[in-house]
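Structure provided below as structure tokens; questions to follow.
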Amino acid sequence: MNGPTEIASWTRQTVSRAVTDLSVMAGDAQVILTWSAPSEPSVDHCVAFMDGVEARRVTGTNVTVDHLVNGMTYSFNEAALLASPPARGR
């Protein structure tokens, strides 16, 4: 290969924010999680974590996590991911 080779790549930067008002409604082998997203204008999506592992990615403020075992205890938390870092000074 003669001459310079240009390689370009793009990596999406994400910054997480905690959601608020997380509530859980248990059902038959499932839970429905609802929350309030941060007021950041650049929230891209939210991630539901179950027992510390990513369970679902959603763009709204609720998600159903199914295929659970009735009677088992699960731990859930949510994080909102920003498409880009917040402006400096925040």
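Among the residues of the stretch 43-83, write down those that are surrounded by 13 or more Cβ atoms within 10 Å (Cβ to Cβ) and assigned to a loop (DSSP other than H, G, I, E, B).
Passing the criteria: THR61, LEU68, TYR74, ALA83.
Quick one: is SER39 of a type in the set (S, T, N, Q), within 16 Å of THR20 (Cβ to Cβ) and either modelled with pLDDT under 85 or in a loop (DSSP other than H, G, I, E, B) (or both)? I'd like the intermediate steps shown before the answer.
On the way: of a type in the set (S, T, N, Q): yes; within 16 Å of THR20 (Cβ to Cβ): yes; either modelled with pLDDT under 85 or in a loop (DSSP other than H, G, I, E, B) (or both): yes.
Yes: the conditions hold for SER39.
Which numbered condition trips up VAL65, out of (1) modelled with pLDDT of 85 or more; (2) in contact with a Ser or Thr (Cβ under 6 Å, 6 or more places away or on another chain); (3) of a type in the set (A, V, I, L, M)?
That leaves (2) as the condition not met.
Same structure again: On the given criteria, is VAL15 in contact with a strand residue (DSSP E or B) (Cβ under 6 Å, 6 or more places away or on another chain), at pLDDT below 80 and aliphatic (A, V, I, L, M)?
Yes, satisfied.
Right, here's the next one. Which pairs have Cβ atoms under 8 Å, sit 6 or more apart or on different chains, and link a residue in the stretch 59-77 that is within 13 Å of LEU22 (Cα to Cα) to one that is loosely packed, with under 10 Cβ neighbours inside 10 Å?
SER75/GLY52
The values are calculated or read from the model by the stated rules, or taken from the named source; none is laboratory data. Just so you know, these numbers come straight off a predicted model, no measurement behind them. A quick note on method: Cβ atoms are made from the backbone with ideal geometry, for glycine too, and the neighbour counts reach across all protein chains shown.
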